[in-house]
Every structure is written in structure tokens, then in C-alpha cells.
Amino acid sequence: MLISRAAALVAMLCAPPVLAQTMADAVTEFELDNGMQVIVVEDHRAPVVQHMVWYRAGSADEPAGSSGIAHFLEHLMFKGTDTLESGELSSTVAANGGRDNAFTSYDYTAYFQRVAADRLGLMMQMEADRMRNLRMTEDEILSERNVILEERNQRVDNNPRGLFNEQLNAAQYLNHRYGVPIIGWRHEMETLDREAAIEFYDRHYAPNNAVLVVSGDVTPDEVLALAREHYGPIPANPDITERVRPQEPPQNAERRVIYRDARVAQPYVARSYLAPERNSGDQDKAAALFLLSDVLGSGPTAYLKQVLEYDQKVATYVGAFYSGVSLDQTSFDLVIVPAEGVSLEDAEAALDAAIASFIETGVDPEQLDRIKMQLRASQIYALDNVDGIANLYGRALTSGLTVEDIEAWPELLQTVTGEDIVEAARSVLVPETSVTGWLMQDKEVTQ
């Protein structure tokens, strides 16, 4: 079995058009009369289905002074409607052998259920109900507000890394809402009320501001019929407009953040650079940055790991990260954890020297070929995961991309050259758009 699987993988890797064709053949796109976008990803190997509703409304769409309202509303969506008691949706999913949850990001809020395929109609019925018929009492508001405040306690306030990352992000964005934490600033979370929740709900939760993604053992015809039955009667919101947010001014001064906390077990240096996102029909630079993050910091053969961990031994860990799926400008991030006896200052200097050396010497062709082969393999294996595929489409479509952009991405990555990667590094990894942070213990001193 292992031999045949490996042989099949090699065959697919050697025939690039097969992957794109497989993805395209499995995906069908519709739009309901009320403007709701519907994506169907067929996979008939198991009788299960993932049903997801993605709203084009995240924390970066919140009104000033109400940070955390998108995430707060996500919690409140599990309360009652005219026909469902509070918590009944989740209990119904569980009674039918499924699981459900939701999550909020800067650019979207998503709700999902994973159930047996023959329960899809029931999931749509309940999800459509809470799209426009949510009911929440004052007691539920107060109770759930305490829940999100405790969530902030656990994830951020009691976590030095969480507090550090929050400050880094706030320093990176001078004007954009990406600099505000998704969960919200505590002092604003404490004032969130029923009026703010209803206002955000009424403004953003409508079929013409949503994407329905259904993946698994379904056919396009049955999904379309069920979507028309359950979501089709919901009227479009005529007040939904293009998403307009405060944009970043030109950044021309590097910034530094030093965060001290006695709870820090391992000091490290973090660096972020303002970077372009993936734009519909124009993903070339994002593709180069995506591969730059792999070349610099992913896997044991990555450039920074070879130089800083293995050769110079000044670091115990180095990483590079970039995700271009973002409605507006994103960031390219680096982290270096110094080896024992190496100061944060020396670790930062070594990181800067290594980046400069990389830009000067360029990309190792063999390493780039190996990374591209690994990407091809991971993209093929990703087809086995109905949850991952549904998330892939939902994140992209609520962040300004199209189905065509998603399907073009794997082949676009294969066309990126070493010269493209170096040029991306040269244009993005510049001090003027950077924030450098030191996470340290109280007893440490800066030089």
C-alpha cells in the first residue's frame, strides 16, 4: 500500500496540470438571487460533509471604540433564535453525531458544522435561522461578556508572549485596524453591550455578505437546492457596501518594542515588516514572499537555520513566516531565539547579517527545487482533508480573492524563480517598514 501511494504521488508531482485540473473539477460555484456566494467541493470517499458560513466581517471591520465586538457576536450567535433555545444548535449537532464551532479573524467570521452528509439540510436550516433571527437577552450579554474577558485573561493577559505580540502588532500598523487585537482591548471589551452586538449583526450578517462553503460527500445540485430552500428566502441587505477601511500611511521610520516580564522563560527577538497581500489577479509578489519564508526559515535546510543554528550556533531556533491571505497589507515575520550566552542584541545583529548575506548570495537552486516539490506534495495531500479545503476557500474568498485565484496559486508558486525571491526580499525586508521586538525578563537590561 505504501509503495503504490508513493508511486501515485510521484506520478502526480511529475504532471503539474493534474493537480489544478483535480481541484477545478471538484469545485463548483453558484450565487443565489439574494447575493449569497455558494462553493461546493465534492469528495465522495466518506459520507460526511463540512458546512461553513463565512461572513465578510471580522475585527478589522469593527467601529472604533468597540474592539472585540466581532468575536463577541461570534459567541452570541450560539444563543437562541425565534425557534431555537440558547445552545440548542450545538446540542442538535452533537445529537446527530457531529461537531460545530466558530472562529473570528481580522477579515472574516466563520461558523461550521461537520456531520453525516444526510444531515446537511438540517444544518442549513439552523444556520439560516440564526443568520437573521438571533435573539439575545441582557443576562446572556453579561454572562458571555464575562466569558470573553476570561478568554482574554487566559490567551493574552496571563501570557507574556501574547502581550508581547499584541504590542508588536499595534506598533506595526500605524492606522489600520489590523493593529487592534482580534479579541479586543480589555477596556473596550468591558463596555460591549447588546446595542453594539445588534448593530454589528444587523450591519454585516446578511446573505449578500456571506459565503457558503460545503465540502464532502455532496453534489452541486443537491447543495444548490438546499441553499435555495433555506438561505434563498432571506432578503439581501441593501446597505452592504464595499469594505472601506483606514489604510496605512507611508511608513518611513523603523520602530522598536521592548517588553519585560518576570514570567518570560525564553527571551527572543521578533521582527515584522509590512508586506503586500495576495491580490486578485496579481499574486506574483505574494508567491515570491511565500517561497522566501520557506527558503529562509522553514525546515532544517532553510538558509537562516543553516547559518544561525548550525554554522554560527548563535540561535536555538530561527523562523520566517508569511501568509498573504489578507484583505489589506499583511506582514513578513522573523523570529530568532538566542543560544545560551548570546544576548538579544547579538542575536539581532546576527539575524541582520544573515539576511544581508542571503540577499547578496541568492537562492540555492537545489533548495528551491526541493521546496517546490514539497509544496506540490503537501497540496496533493491537502485534497484528502474536507475541513482544510473548505477553510482554504472560505479564507481566500472573504479576503478578496476569487476561485480562479485559489486554483491558480499552486502553479504560480512553481513558476517563482530565485531572482524573484531575492527581489522580494530586497523590496520588503527594509528597516523603514519594520518593527523589532525584544521579549525579555525583568532582570535583563538593554544596551
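The values are calculated or read from the model by the stated rules, or taken from the named source; none is laboratory data. Keep in mind that what you see is a predicted model, and the values were worked out from it rather than measured. Note that we place each Cβ from the backbone using ideal geometry, even for glycine, and neighbour counts take in every protein chain shown. The accessibility values were calculated without ligands, DNA or RNA, using every heavy atom of the protein model including side chains. Shrake-Rupley method; radii C 1.70, N 1.55, O 1.52, S 1.80 Å.
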- Using DSSP to define loop residues, name the GluC sites (Glu not before Pro) in region 316-354 whose beta-carbon has at most 13 other beta-carbon atoms within 10 Å. 340
- Can you give the accessible area per residue of region 187-259, in Å², using a 1.4 Å probe? 53
- Item | Portion, in percent, of the accessible area of the chain that falls on carbon or sulfur, probe 1.4 Å | 52
- Would you calculate, for the chain, the mean residue ellipticity at 222 nm contributed by helices, counting each DSSP H stretch of 4 or more residues as -39,500 (n - 2.57) and dividing by all residues, to the nearest 500? -13000 deg cm²/dmol
- Task: With θ set to phi - 60°, apply the Karplus curve 6.51 cos²θ - 1.76 cosθ + 1.60 along region 140-148 and write out the HN-Hα couplings as whole Hz, x wherever there is a Gly or Pro.
- Result: 5, 4, 5, 5, 6, 5, 5, 5, 6
- Item | Listed peptides 124-132, 299-307 by packing density, highest first (mean Cβ within 10 Å) | 124-132, 299-307
- Candidates for Kirkwood radius over Cα pairs in Å are (i) 25.0; (ii) 23.8; (iii) 22.6, and the calculated one carries label (ii)
- How far, in degrees from 0 to 90, does helix 418-428 lean away from the longest principal axis of the Cα atoms of the chain, to the nearest 10? 90
- Item | Gap separating the Cα centres of region 80-159 and region 264-321, nearest whole Å | 36
- Tell me, what ³J(HN,Hα) does each residue in region 384-401 have, in order and in whole Hz, if you take phi through Karplus 6.51 cos²θ - 1.76 cosθ + 1.60 with θ = phi - 60° and put x for Gly and Pro? 7, 10, 5, 5, x, 5, 4, 5, 4, 6, x, 4, 5, 5, 8, 10, x, 9
- Any chance you could look up the accessible area of residue 85 with a 1.4 Å probe, heavy atoms only, rounded to 10 Å²? 130
- Message: Using Cα-Cα distances under 8 Å and only pairs 6 or more residues apart, what relative contact order does the chain have, in percent?
- Response: 22
- Query: How big is the accessible area of residue 285 in square angstrom, nearest 10, if you roll a 1.4 angstrom probe over the protein chains?
  - Reply: 90
- Item | region 151-216: trypsin sites (Lys or Arg not before Pro) falling in loop per DSSP and having at most 12 other Cβ within 10 Å | none
- Query: Can you list the residues, at least 5 places off or on another chain, whose amide H is less than 5 Å from the amide H of residue 101, using H built in the peptide plane?
  - Reply: 112
